[in-house]
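The values are calculated or read from the model by the stated rules, or taken from the named source; none is laboratory data. Remember, it's a predicted structure, so these values are computed and weren't measured experimentally. As a convention, Cβ positions derive from the backbone with ideal geometry for all residues, glycine included, and neighbour counts pool all protein chains shown. These area figures cover heavy atoms from the full protein model, side chains too; ligands, DNA and RNA do not enter into them. Shrake-Rupley method; radii C 1.70, N 1.55, O 1.52, S 1.80 Å.
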Amino acid sequence: MAAKPIAQSGMENFRKVRTSEEESPLPFPNLPPGVVEMKVKEGSKIRNLMSFAMAQMELKGSRQIVFSGCGRAVTKTITCVEIMKRKLGGLHQVTKVRYKTLLEVWENQNPLPGGAAQNLTVHKNVPSICILLSRDPLDPNQTGYQPPEPREVGEDASSPSAKGLKRPPPPTREELLPKKLQVAGASSPQGSGTRDSQTDGHY
């Protein structure tokens, strides 16, 4: 029973100093040479990722791009893909899910007197996702394929769906007046011009 607290207190002296991913080839056959891979990390900023990715697809004319992330970065990877699909449209997609090995190096902050610093290397298997986006058609029979989402006609600033329903006309002067004044004006035997001048004095 006494060994468990000692082990726990020993681990508290260790601090994670480095994390690295196991290198593995992309799970997509027949990729063009030099295809851009966007490696999404947990601390990556989506704005920076998308600025670079959109420049590759729009300015440099890349036909395909890959987004990859593992562990806690999986959700951010999917978010980047959805943003690009919405901005560009007409993109074919193939999604591959697998596991990757992370290597974590932990360093002992309180080594024994006269002894060398002790490091621990921890191997962790975490879920990983790779998503290929392509302007060119892909094999629809391969696992994880998704066809381009159909664009809805008129989805722009000038379309009724973007503007919403037609705005109602502005309220009339009578509708803006307090109800008491409207009732009093309606029961008055005088003309509308006299009623308006009287109401203007009280409003």
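The table for this structure:
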| read-out | value |
| --- | --- |
| Of all residues in segment 14-50 being more than 22 Å from the chain's Cα centre (by Cα) and of a type in the set (Gly, Ala, Ser), the one that is surrounded by the most Cβ atoms within 10 Å (Cβ to Cβ) | 24 |
| Single residue of 143, 77, 121, 101 found to be surrounded by 17 or more Cβ atoms within 10 Å (Cβ to Cβ) and not hydrophobic (A, V, I, L, M, F, W, C) | 77 |
| Residues located in segment 102-150, provided they are of a type in the set (Gly, Ala, Ser) and touching a residue at least 40 places away in the same chain (Cβ under 8 Å) | 128, 134, 144 |
| Verdict on residue 85 being surrounded by 15 or more Cβ atoms within 10 Å (Cβ to Cβ), touching a Pro at 6+ places or on another chain (Cβ under 9 Å) and among the basic types (Lys, Arg) | yes |
| Which numbered condition residue 106 fails, given (1) of a type in the set (A, V, I, L, M, F, W, C); (2) crowded, with 17+ Cβ neighbours inside 10 Å; (3) outside any strand (DSSP E or B) | (3) |
| Any chance residue 62 is of a type outside the set (A, V, I, L, M), open to solvent by less than 30 Å² (accessible area, probe 1.4 Å) and within 19 Å of residue 135 (Cα to Cα) | yes |
